[in-house]
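Asker: Before we start, here is the structure in question, set down as structure tokens.
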Amino acid sequence: MSIPANVQAPPTTAVALTDVRKTYATGPQPVHALRGVSLAVSKGSFTAVMGPSGSGKSTLLNVAAGLDQPSSGRIVIGDTDISHLNPEKLTTFRRRRVGFIFQSYNLLPHLSVSENLRLPWWLDNQTPDPAREQELLRAVGLQDMAHRLPTELSGGQAQRVAIARALATQPDVIFADEPTGALDSHTGASILATLRDAVATYRQTLVMVTHDPQVAAAADEVVFLADGAVVDRAAGASAAQISQRVLELGR
Amino acid sequence: MRQVSLRALRAHWPSAAGVFLTMVLASALIFASGVLIESGLRESDPFSPTATMLPAVMGSFGGVAIMLALFVVSSAFAASLRDRRREFALLRAVGATGGQVRSLISTEVMGISLAALVVGSVAGSFGAGALVPLLRASGIVEEGFAPVVSVLPMLGTAVLLLPAAWLAGRLAAREMARLSPTSAVSTTAADARTLSPGRVTAAWVCLAGGLTATTTPIFVPGAMGGATGASSALLFITAVALAGPALVLRGATWLAERRMMRARAASVLATANARGYSRRLTAAVVPLALLVSLGSVQTGVNRTVAEAGAQQLGDAISGDLVWQGAPEQAADARETLAGLTGVAAVTATETAMVQVKVEATDEDAPFMDRLSWEAGSVLMLDDPSGLIDPDVTEGDLAALEGADAVAVASDDLTLTGKGVGDRIDLRHPDGSESTPTIVAVFDRGLGLGGLIMGPDGLDAAGATESPTVIVETASGEQNAVLQAAEAAGLALTPVDDYVEAATAMSSSDSRLSNVLLMVLLAFIGIAAGNALVIATRSRAGEFALLGRLGATRRQMRAMLGIEAALVAVAAVALGTLTALPGLVGASLAMVRGFSLGVDPMFWAGLAAAAVVIAFAGAAGARLRVRAD
């Protein structure tokens, strides 16, 4: 099903993608990473994106978050159509309205935990709010590590900083690309719990790429991708059902 | 954003310090040259060596220093910023706009540059003072000379260096601001494989400029053509720097296909690194190539000019014996020698200092008036049709017999833009001025000097020096004349010895030019070492990864050794190749027969310096391997 291009996304929709395509023409053969993806994500919901390697999950997230330009199609975040914003406006929009958590933690190595957290405010020429900063650090359990440098943190701690940074500007939506992919399962589970709690506390919309059926089972909706297209959507599926579906797609 | 800037500086202090040091040295070189040039221009006596020689010597040094400084400063900034690509991409990923990244980089570049300019100016004023004893020993300044330090050289240094630094930062920032935010997310960090169209165009333009400069001596023979030809080396090096990554990529791809390079892990890795990090390798090769190229060209052209001078002097004199002595004995010596049996002809010459006006005076800057006068010497012939043949190409030397006439070397005409029939403005040591008419143009300016006047010129010139009598003996009478002259108390030397001695005199300031050249080479050496340190600094992660994958330290050391060898070979080859066209051009333009002018020992020294610096850079990286 696709949403007609001329219809505004309903107010309850946080993110709407309409027939989004992304083609990479770097090699001798063009690579179609996304082949007409249409998707609507409700405000305050948790959407998991699953699919085999190379199915276009990361590309979908990068394009939806405005990190990468789609080859064609329309992307609306909140009430803003970001597909036609110029690069400067898109960056400013992204900075204010979109949070992103990467698999690699992407902290600036020479900035302390609290400085990394303040980065979105600094970039926006705003004075960081110390109360908000403390609150975020408490939410991710790092209130005692504000002055540490990223090199003095464990992987899990670094990812908590990235989560706090994504929440800092109270964005319309947070995209997370396998945020626990580089962590052991125990730390990963704890990070996900932190992320889910924070998202619930601040009523944030979360779109997360994950390989973990357990994580996906906790989502409001699971979107299955294969070969750059949405092939299935499931709400309320169990971990076993999700696992089964992913296995079928991988075949 | 200020916090981000300050933290970044703190985190990257080694490369920031390297760039700062490079910029300090560049500022110091230009500032010191400026101070000495200005001191010369402010000298009250226009005929003192301080006024005539100091601006010329320091001007030619300063010119080379400026070109080098611009080159080295911009490449140092580019290299240190490239090292931080990932950090800038990361900032883009967390929402920094392209404009914010650009302003971050510009602020940092200008901050470092301004601080370095101040420190460099202080260092430069000490440097200028330190050169004084050497300048005095070379006779370029008088006893009691002290450099005048004003604000002008600092302004000049700022006007030259700040825009270069700003532009380098701007170009690097343009590349960084263009980075897609997703490039921070991806883990690949290899250099971009293609060059921007602007860069490719600029490389072709520099190559074309270099070729044009190389062919100049064919159309503009003589010293001017030779000097232009030599400037081709710098244009070629710039072309190499611009096209470098593409050249390195091709070279490394070719190497990677050789069986020899595929036999061992270390060589496979080294060629793969060269391919993947072609920009990094270019940044290491280019300053070293510049070292070899500039060193060869500077010394080579100087030697070619000296050789050409000797050839022209030898060709011009048709006599076989020469007398030199005190001015008061000159007239007697000429008469005595002319009267000796076996002497076929004699010609007496004297020289006088003179200044030639080469451009109109600027009313607004009276002390700059000194710049529109070129110091030179006039050769005065008692008999213009005698034993000295300056190789007249236009006009007639016989016209020098008349008053107010002068012959001008073709090389010098290009400066004044005048020809036969025009008048030139001359200033004499006694303060008088004259405006003789050009009656002839001659070619042997390198051997005889820029101006020749007839017997009447002596009256106008005032004080003269180095009186010389050239003697032509009848066939087989040379020994008899030598003995007769000695009996009369006049010592004669064969022409060949005289030419040799005259050439040696003209290169008496070679110690100074060697010291100045060494200063420039040391500057390039430091800059090249700095570039290598920056290039290896960012590789800790790569070494750690190789270690995790099972590369032994020995393999990594071998890999670094091969990389250093690639850098050294490429630098020596490119440095030599870029120097050759200019040297060949200079030789074709000035010297009969073929001579490159390059001292093989000096060239070997330059090549060895390049090799040592390349391996010293690798040794720095080895320490890093050990630390991991």
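The values are calculated or read from the model by the stated rules, or taken from the named source; none is laboratory data. Bear in mind the structure is a predicted one, so any value in this text is a computation, not a measurement. Cβ: placed from backbone, ideal geometry, glycine included. Neighbour counts: every protein chain shown. Accessible surface is based on the protein model in full, side chains and every heavy atom, while ligands, DNA and RNA are left aside. Shrake-Rupley method; radii C 1.70, N 1.55, O 1.52, S 1.80 Å.
Asker: Protein chains only, probe 1.4 Å: how do B:418, A:89, A:57 rank by accessible area, largest first? Each step should come with its number before you reach the end.
Answerer: Details: B:418 70, A:89 125, A:57 15 Å².
I get A:89, B:418, A:57, largest accessible area first.
Asker: Take each of the peptides B:16-24, A:152-160, average the number of other beta-carbon atoms within 10 Å over its residues, and list them starting from the highest. Can you show the working numbers first?
Answerer: Working: B:16-24: 22.3, A:152-160: 19.3.
Listed from highest to lowest mean packing, they are B:16-24, A:152-160.
Asker: Give the B-A buried accessible area in Å², both sides summed, 1.4 Å probe, nearest 100.
Answerer: Numbers: alone 27830 and 11950 Å², together 37740 Å².
Using a 1.4 Å probe, the pair buries roughly 2000 Å².
Asker: Ok, one more. Roughly what % of Cα-Cα distances in region B:272-313 sit above 13 Å, to the whole percent? Mind showing how you got there, number by number?
Answerer: On the way: 564 of 861 pairs.
Here the long-distance tail beyond 13 Å is 66 percent of all Cα pairs in region B:272-313.
Asker: Continuing with this model, one more query. Report the accessible area of residue B:277, computed with a 1.4 Å probe over the heavy atoms of all protein chains in place, in Å² rounded to the nearest 10.
Answerer: 60 Å²
Asker: Per 5 Å bin, what percent of the C-alpha pairs of region B:316-506 does each bin hold, from zero upward?
Answerer: 1, 8, 16, 19, 18, 14, 10, 6, 4, 2, 1, 0, 0
Asker: Give the average, rounded to an integer, of partner chain Cβ atoms located within 10 angstrom of each Cβ in B:95-104. Could you put the intermediate results ahead of the total?
Answerer: Numbers: counts 18, 8, 9, 3, 4, 8, 1, 0, 0, 0.
Average per residue, whole number: 5.
Asker: 222 nm [θ] for chain B, helices only, -39500 (n - 2.57) per DSSP H run of 4+, per residue, to 500? Write down the numbers at each step before the final one.
Answerer: Details: 22 runs with 420 residues, N = 628.
Here the helix-only value at 222 nm equals -23000 deg cm²/dmol.
Asker: Just checking the output field for A:55-67: average partner chain Cβ neighbours within 10 Å of each residue's Cβ? Please list the in-between numbers first.
Answerer: Values: counts 0, 0, 0, 3, 1, 0, 2, 6, 1, 0, 3, 2, 8.
The shielding value for this peptide is 2.
Asker: Among the lysines, which have Cα under 18 Å from the Cα of residue B:357 when same-chain residues fewer than 8 positions away are ignored?
Answerer: B:418
Asker: Whole Å is fine, so just give me how far the alpha carbon centre of region B:552-592 lies from that of region B:1-80.
Answerer: Using only Cα atoms to place each centre, the spacing works out to 26 Å.
Asker: Continuing with this model, one more query. What do you get when you divide the Cα radius of gyration of chain A by 2.2 N^0.38 Å, with N the number of residues? If you can, show how the numbers build up before the last one.
Answerer: Details: Rg = 17.8 Å, N = 251, 2.2 N^0.38 = 18.0 Å.
The value comes to 0.99.
Asker: Given a 1.4 angstrom probe, I'd like the percentage of the accessible area of region A:110-241 that is carbon and sulfur, rounded to a whole number. Could you put the intermediate results ahead of the total?
Answerer: Working: 2400 of 5350 Å².
Roughly 45 percent, rounded to a whole number.
Asker: Can you list the HN-Hα couplings for region B:444-452, worked out from phi with the Karplus curve (6.51, -1.76, 1.60; θ = phi - 60°), rounded to whole Hz and with x for Gly and Pro?
Answerer: Using θ = phi - 60°, the values come out as 8, x, 5, x, 10, x, x, 10, 10 Hz.
Asker: May I ask you to give the solvent-accessible area per residue for region A:129-251, in square angstrom, as obtained with a 1.4 angstrom probe?
Answerer: Numbers: 5510 Å² over 123 residues.
Result: 45 Å² of accessible area for each residue.
Asker: Can you bin every Cα-Cα distance in region B:1-187 into 10 Å intervals starting at zero and give me the percent of pairs per bin, rounded to whole numbers?
Answerer: 10, 33, 25, 16, 10, 5, 1
Asker: If you take every DSSP beta bridge whose two residues both sit in the protein assembly as shown, what share of them, in percent to the nearest 5, is antiparallel? Don't jump to the answer; show the numbers that get you there.
Answerer: Details: 55 of 80 bridges.
DSSP beta bridges in the protein assembly as shown are roughly 70 percent antiparallel.
Asker: If you plug each phi of region B:288-295 into the Karplus form 6.51 cos²θ - 1.76 cosθ + 1.60 with θ = phi - 60°, what whole-Hz ³J(HN,Hα) values come out, in order, with x for Gly and Pro?
Answerer: 5, 4, 4, 4, 5, 5, 5, x
Asker: Please report the projected area of chain B's Cα convex hull averaged over all directions, in nm². List each step's numbers first, then the result.
Answerer: Details: hull surface 130.7 nm².
Answer in nm², one decimal: 32.7.
Asker: Can you tell me the accessible area per residue over chain B, all protein chains present, probe 1.4 angstrom, in square angstrom?
Answerer: Details: 26830 Å² over 628 residues.
Accessible area per residue, chain B: 43 Å².
Asker: Provide a whole-number value for the mean count of partner chain Cβ atoms within 10 Å of the Cβ atoms in peptide B:86-94. Could the numbers behind the result be given before it?
Answerer: On the way: counts 3, 3, 0, 1, 7, 4, 4, 8, 17.
If you average over the peptide's residues, the count of other-chain Cβ atoms is 5.
Asker: With both partners inside chain B, how many of the DSSP beta bridges are antiparallel, as a percent to the nearest 5? Intermediate values should be presented prior to the final figure.
Answerer: Working: 34 of 42 bridges.
If I count the DSSP bridges inside chain B, around 80 percent turn out antiparallel.
Asker: Order these peptides, B:196-205, B:578-587, by their mean beta-carbon neighbour count within 10 angstrom, highest first.
Answerer: Values: B:196-205: 13.9, B:578-587: 25.3.
By packing density, highest mean first, the sequence is B:578-587, B:196-205.
Asker: Any chance you could check the Cα centroid distance between region A:5-80 and region B:108-139 for me, in angstrom?
Answerer: 59 Å
Asker: While we're looking at this one, here's another question. Below 13 Å, Cα to Cα, which aspartates and glutamates can residue A:43 reach? Residues fewer than 8 away in the same chain don't count.
Answerer: Qualifying aspartates and glutamates at Cα under 13 Å: A:79, A:172, A:220, A:221.
Asker: Still on this structure, please answer the following. Given the whole protein assembly as supplied and a 1.4 Å probe, what does the accessible area of residue A:84 come to in Å², nearest 10?
Answerer: 150 Å²
Asker: Give me the percent of DSSP beta bridges within region B:316-506 that run antiparallel, rounded to the nearest 5. If you can, show how the numbers build up before the last one.
Answerer: Numbers: 34 of 42 bridges.
Rounded to the nearest five, the antiparallel share is 80 percent.
Asker: When the Cα centres of region A:147-210 and region B:425-451 are compared, how far apart do they sit, in Å?
Answerer: Measuring centre to centre over Cα atoms gives 83 Å.
Asker: If you don't mind, there's one more thing I want to ask. Any idea what the alpha-carbon Rg over 2.2 N^0.38 Å comes to for the protein assembly as shown? Write down the numbers at each step before the final one.
Answerer: Details: Rg = 37.1 Å, N = 879, 2.2 N^0.38 = 28.9 Å.
Computed over Cα atoms of the protein assembly as shown, the ratio equals 1.28.
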